[in-house]
């Protein structure tokens, strides 16, 4: 009689793998856990009903811009002008960068100016200087150098740069020289007390310092009769008038320019009309509250056809306010995904100058500067197309503006920099530069095995770039929020060129290609995230990674 052998239980295969795409949805500082979402689910990270994978968002992204095809390493920085001295004779803060965009084509009459606590400098020629101010402030130091400005062309076709300084008031540049603005009429303000300037319906509008009063000139006038426009009674949260701005809106009856005013207490007023001297012609369309705004007069900025407003509650657009944003709820705030980080930065810098918003169409980003003093300096950055957020680190950005299509910024050590290239702090003579350091921690995930232990085995990151990336990558477990200390070595400071470098020795740069490198990983936990840190000197995009691990039980 044949002997029956007992059936052996089939050992279940315990090794699993999954693909983790780059966190193209940017930073979600609303939590550290994605909730174990599987590919194709409709409830995304943060509950905004977007299709999600398990790790498409990050707890932080430093110098990695989330875009449509992955997270690209940000552009670098290049010196344009250096050794610009402040009122103490030191290389101090560049507080404002300004562009005189002449009506004469070809750029021959264009000028680039910077302002600091000593005065205004013409740095159009670029280079190391020495620089002499073309306008020396009567009142130096203090808050001098924090300016607002506009380009303005009068009916005769003459072009001007109009500037208001926080401690010195109103000045006019006519293409050849500078002069203080003058006014007539009674009452009239001291020109030195006007600290902000904008244009609305062909009139120049000002903000008077430490008041809730705006002033306006006659149409197309730069000086002369000036009239007050007091809005203090409209500010239910009190405070002084901070800034005027304009908003072009199609309300169904055609395009209409609106005047927008914001107070230090966070009251936002929107006006419609043409002639402010006729009471019946000016209509208050609405009043909203966004919360206290930070120090300075750069809390409103253009956002395409909209206006962004910065406050302690985050960044909101005017169209968002009209849509019914609550002062408490964050649903329509553009910055809702990074508000936790932004508010943390504001705790120590709310009363400091240096907060500003700027749209940079050439780079496809919007930049929110934080007052320099943080170590290292940071900026909050939104990708325009995806509206995903990241943070820049290592850019000494005190102020920012655009010179044509070029994005420039001033530093705390007397330099004007261009945001361009693939390395940081590229010197005037191109002999010195630094690699761009980047870092990432994705949201935590269950790795498609909720509640079970996971032991890391291998990870294989994917990149697209001009040269092999240098980086360190690890799997982190169970909500460990430590940043990696190592960046995997130093990249070649300069990639080699054909006919110049040594064959079999030099590091070559070519057209963009893909790179992958399978690495072993260790550790164990129930929730997993990818931590990555590296340095780049060439164009580079992180695409995602394959991850392999062993799966255990619940206990």
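The values are calculated or read from the model by the stated rules, or taken from the named source; none is laboratory data. Bear in mind that the values here come from a model prediction, so they are computed numbers and not experimental data. In this analysis, Cβ positions are derived from the backbone assuming ideal geometry, glycine residues included, and neighbour counts consider all displayed protein chains.
Scanning segment 179-191 for residues that are out of contact with any helix residue (DSSP H, G or I) (no Cβ under 7 Å at 6 or more places or on another chain) and either more than 30 Å from residue 124 (Cβ to Cβ) or buried (at least 18 other Cβ atoms within 10 Å of the Cβ) (or both) gives 184, 185, 186, 187, 188, 189, 190, 191.
Just to be sure, is residue 489 more than 28 Å from residue 68 (Cα to Cα), at pLDDT 95 or above and not in a strand (DSSP E or B)?
Values: more than 28 Å from residue 68 (Cα to Cα): yes; at pLDDT 95 or above: no; not in a strand (DSSP E or B): yes.
For residue 489, the condition - more than 28 Å from residue 68 (Cα to Cα), at pLDDT 95 or above and not in a strand (DSSP E or B) - is not met.
Among the criteria (1) over 24 Å from the mean Cα position of the chain (by Cα); (2) crowded, with 22+ Cβ neighbours inside 10 Å; (3) at pLDDT below 95, the one residue 241 does not fulfil is (3).
Among the residues of segment 441-456, is there at least one that is within 28 Å of the chain's Cα centre (by Cα), surrounded by fewer than 22 Cβ atoms within 10 Å (Cβ to Cβ) and in contact (Cβ under 8 Å) with a residue 60 or more places away in the chain? Let's see the steps before the verdict.
Step one: of segment 441-456, the residues within 28 Å of the chain's Cα centre (by Cα) are 441-444.
Next, only the ones that are surrounded by fewer than 22 Cβ atoms within 10 Å (Cβ to Cβ) stay: none.
No, there is no match, as no residue in segment 441-456 is within 28 Å of the chain's Cα centre (by Cα), surrounded by fewer than 22 Cβ atoms within 10 Å (Cβ to Cβ) and in contact (Cβ under 8 Å) with a residue 60 or more places away in the chain.
Residue 541 meets each of the listed conditions (1) at pLDDT 90 or above; (2) closer than 19 Å to residue 18 by Cα apart from (2).
Looking for something outside any loop (DSSP other than H, G, I, E, B), in contact (Cβ under 8 Å) with a residue 24 or more places away in the chain and surrounded by fewer than 16 Cβ atoms within 10 Å (Cβ to Cβ) - is there at least one such residue anywhere in segment 410-432? Break it down into steps so the answer makes sense when it comes.
If we filter segment 410-432 for residues that are outside any loop (DSSP other than H, G, I, E, B), which is where we start, we get 410, 416-419, 424, 426.
Subset that is in contact (Cβ under 8 Å) with a residue 24 or more places away in the chain: 410, 416-419, 424, 426.
Imposing the further condition that a residue be surrounded by fewer than 16 Cβ atoms within 10 Å (Cβ to Cβ) reduces the set to none.
Taking every residue of segment 410-432 in turn, none turns out to be outside any loop (DSSP other than H, G, I, E, B), in contact (Cβ under 8 Å) with a residue 24 or more places away in the chain and surrounded by fewer than 16 Cβ atoms within 10 Å (Cβ to Cβ).
Selection over segment 346-394 of residues that are more than 17 Å from residue 314 (Cβ to Cβ), free of Cβ contacts under 8 Å to residues at least 40 places away in the same chain and assigned to a strand (DSSP E or B) gives a count of 1.
Find the residue count for segment 395-409, including only residues that are touching a strand residue (DSSP E or B) at 6+ places or on another chain (Cβ under 9 Å) and either assigned to a loop (DSSP other than H, G, I, E, B) or crowded, with 21+ Cβ neighbours inside 10 Å (or both). Reasoning before the result, please.
Of all residues in segment 395-409, those touching a strand residue (DSSP E or B) at 6+ places or on another chain (Cβ under 9 Å) come to 395-404, 406-409.
Restricting the remaining residues to those that are either assigned to a loop (DSSP other than H, G, I, E, B) or crowded, with 21+ Cβ neighbours inside 10 Å (or both) gives 395-400, 404, 407-409.
Looking only at that region, the number is 10.
Would it be correct to say that residue 212 is surrounded by 18 or more Cβ atoms within 10 Å (Cβ to Cβ), touching a helix residue (DSSP H, G or I) at 6+ places or on another chain (Cβ under 6 Å) and over 22 Å from residue 319 (Cβ atoms)? Judged against the criteria, residue 212 is a match.
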